[in-house]
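Read the structure below first, then the notes.
The values are calculated or read from the model by the stated rules, or taken from the named source; none is laboratory data. Bear in mind that the values here come from a model prediction, so they are computed numbers and not experimental data. Please note: Cβ atoms are built from the backbone with ideal geometry, for glycine as well, and neighbour counts cover all protein chains shown. Accessible surface is based on the protein model in full, side chains and every heavy atom, while ligands, DNA and RNA are left aside. Shrake-Rupley method; radii C 1.70, N 1.55, O 1.52, S 1.80 Å.
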Amino acid sequence: MIKIIEKSNCCGCHSCYNICPQNAISMITDDKGFKYPIIDKTKCINCGLCEKVCPILNNKKYKNDIYAYACYNKDITERMKSSSGGVFILIAKEIIKRNGVVFGASFDDKFEVIHTKVTKEEDLQKLMGSKYVQSNIKEIYKDVKAELQKNKYVLFTGTPCQIEGLKYYLMKEYKKLYTQDIVCHGVSSPLVWEKYKKFRKITDSQVPQNINFRNKDDGWENFNMTFTYKVDSFKIDHNEDLFMQSFLRNTILRDSCYNCHFKKINRLSDITLADYWGIEKNHPEMNDNKGISLMIINSSKGYELFNCIKENLIYKDTNLKDAIKYNSAMINSVKQDKNRDNFFNHLEKLDFDILVKKYTYKPSLLKKMMQKGKCAIKKIYK
């Protein structure tokens, strides 16, 4: 009988769900808001495909010839709309120029995070910017395969586990498939995100037209969570935002994120992108607080893409080991918050602000910031 891996190890990549020929696997949401595969034994034919495509069961070590760059987009508008240096949009536009398609994380009309397909350059903005919630893959791997079978160029972007999930699902290499992952802190619970959105709606008495996790109006290092409404906006420093505090303090991440199998230098993706934290020490001449990307080339296809976009970049060779010193999330899993269980046990019982302040929020942080002369909270403004 087919056996799916233990829940604590499952990264929720949806590879098994997409591959099952009998539709015997369903992705069921647990009490923390994360989706996990459940097998209907009456439909299962024991073909073993779900085991063959699981990136956890088949986790392998790879050795790449790696190149690393500190870089940013020359177009200041694109750069400021991006979380870091604005490199993704250049890669995506290159694929679109080839009459290709781009897959990535986007908000739907309810601001739930989903993976979606983009075929037009003007729609790429939907995929720009960090979204610190686990995206719903649904059947997107099937869509990727369908585009590749049409001999289309495809760029698939996502977390490292989603990239490996796709690669194992496809079971073979495709010349026109390009993949780009990120240095991932971990993925937050979609259920917690829903609770936070409801809290913001009650507090602000408005429905957002846009949400930005990484607004850089006050600089890349002091980015804000921003809800944009029809007339005005709510903006708050990420160090004080209730949701971001829960995320950054490792309270609301998926179980598998605390022992991630994909924290490594050598990766299956063609390109890895990250914030270049520590740029002020490694390359101070590039640090203008508008966002710098760490771009890691993992394959010949990744290097080909880099050569296609480099005329639109300011870039400099960098030592990857030096860069990782300030972004250890590339190789190290985060430590679980000791209050995580209490947080989820009270998620439905307490108002969101009370919940966060009780189990993750540290008032001393605000005091420290005020002592440094930083204004952490920006009121709703016109």
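Between GLN149 and ASP217, what length comes free when the chain is fully extended (0.36 nm per residue of separation minus the Cα-Cα distance, one decimal in nm)? Walk me through the intermediate numbers first.
Working: separation 68, 0.36 × 68 = 24.48 nm, distance 4.26 nm.
Gain on extension, GLN149 to ASP217, equals 20.2 nm.
Please name whichever of ILE76, MET244, CYS54 sits farthest to the positive end of the charge dipole of the chain, dipole taken about the Cα centre and charges placed at Cβ: Lys and Arg +1, Asp and Glu -1. Sorting the options by dipole projection puts first CYS54. Solvent exposure of the chain amounts to 47 Å² per residue of accessible area, where only protein heavy atoms count and the probe is 1.4 Å.
When the dipole is taken about the Cα centre of the chain, and only Lys, Arg (+1) and Asp, Glu (-1) are charged at their Cβ, what size is it in debye, to the nearest 20? If you can, show how the numbers build up before the last one.
On the way: 65 positive and 45 negative charges, 89 e Å.
For this selection, approximately 420 debye.
Given a Förster distance of 45 Å, report the FRET efficiency between LYS310 and ILE38 from their Cβ-Cβ distance, rounded to the nearest 0.05.
Details: r = 46 Å, r/R0 = 1.02.
Result of the calculation: an efficiency of 0.45.
Here the simple spin-label model places points 7 Å from the Cα toward Cβ, and for LYS138 and ILE45 these points are separated by 2.7 nm. Between MET171 and MET80, the FRET efficiency from the beta-carbon distance, with R0 = 41 Å, is close to 0.50. In sequence order, the range 162-175 has phi-based couplings of 5, 4, 5, x, 5, 4, 5, 4, 5, 6, 7, 7, 10, 4 Hz under the Karplus curve 6.51 cos²θ - 1.76 cosθ + 1.60, θ = phi - 60°, and Gly or Pro positions carry x.
With each label modelled as a point 7 angstrom along the Cα→C-beta vector, the GLU194-ASN99 pair spans 4.2 nm. Take the Kirkwood radius over Cα pairs of the range 125-269, plug it into Stokes-Einstein at 10 °C and 1.306 mPa s, and you get 92 µm²/s for translational diffusion.
Note that the range 214-224 has calculated 3J(HN,Hα) couplings of 10, 5, 10, 4, 9, x, 5, 6, 10, 5, 10 Hz, one per residue in order, obtained from phi through the Karplus relation 6.51 cos²θ - 1.76 cosθ + 1.60 (θ = phi - 60°); glycine and proline are x.
If the segment from ILE66 to GLN336 were pulled out straight at 0.36 nm per residue, it would be longer than the present Cα-Cα gap by 94.1 nm.
How large is the dipole of the range 147-220 about the Cα centre if only Lys and Arg carry +1 and Asp and Glu carry -1, each at its Cβ, rounded to the nearest 20 debye?
On the way: 13 positive and 8 negative charges, 52 e Å.
Once rounded to the nearest 20, the dipole reads 260 debye.
Sites listed here are trypsin sites (Lys or Arg not before Pro) in the range 251-356 whose DSSP assignment is loop and whose Cβ has at most 11 other Cβ atoms within 10 Å: LYS335, LYS338, LYS349. Charging the Cβ of each Asp and Glu at -1 and of each Lys and Arg at +1, and nothing else, the dipole of the range 1-64 about its Cα centre rounds to 300 debye. Normalising by residue count, the range 1-146 has a Cα convex hull of 166 Å³ per residue. Would you mind pulling out the separation of the Cα centroids of the range 51-84 and the range 285-307, in Å? For the range 51-84 versus the range 285-307, the Cα centre distance is 9 Å. Over the chain, the fraction of Cα-Cα pairs per 20 Å bin, rounded to whole percents and listed from the shortest bin up, is 27, 60, 12, 0.
In the chain, a dipole from Cβ-located charges (positive for Lys and Arg, negative for Asp and Glu) runs towards its positive end, and of ILE25, ILE279, ALA146 it is ILE25 whose Cα lies farthest in that direction.
Available extension along the chain between HIS346 and GLU6 is 119.9 nm, counting 0.36 nm per residue and deducting the alpha carbon span.
Across all directions, the average projected area of the convex hull around the alpha carbons of the range 57-211 is 11.0 nm².
Between LYS52 and TYR326, how high is the FRET efficiency from 1/(1 + (r/R0)^6) when r is the Cβ-Cβ distance and R₀ = 41 Å? Nearest 0.05. Intermediate results must be reported in sequence, preceding the final value.
Details: r = 38 Å, r/R0 = 0.92.
Step by step, r from the Cβ atoms, then E = 0.60.
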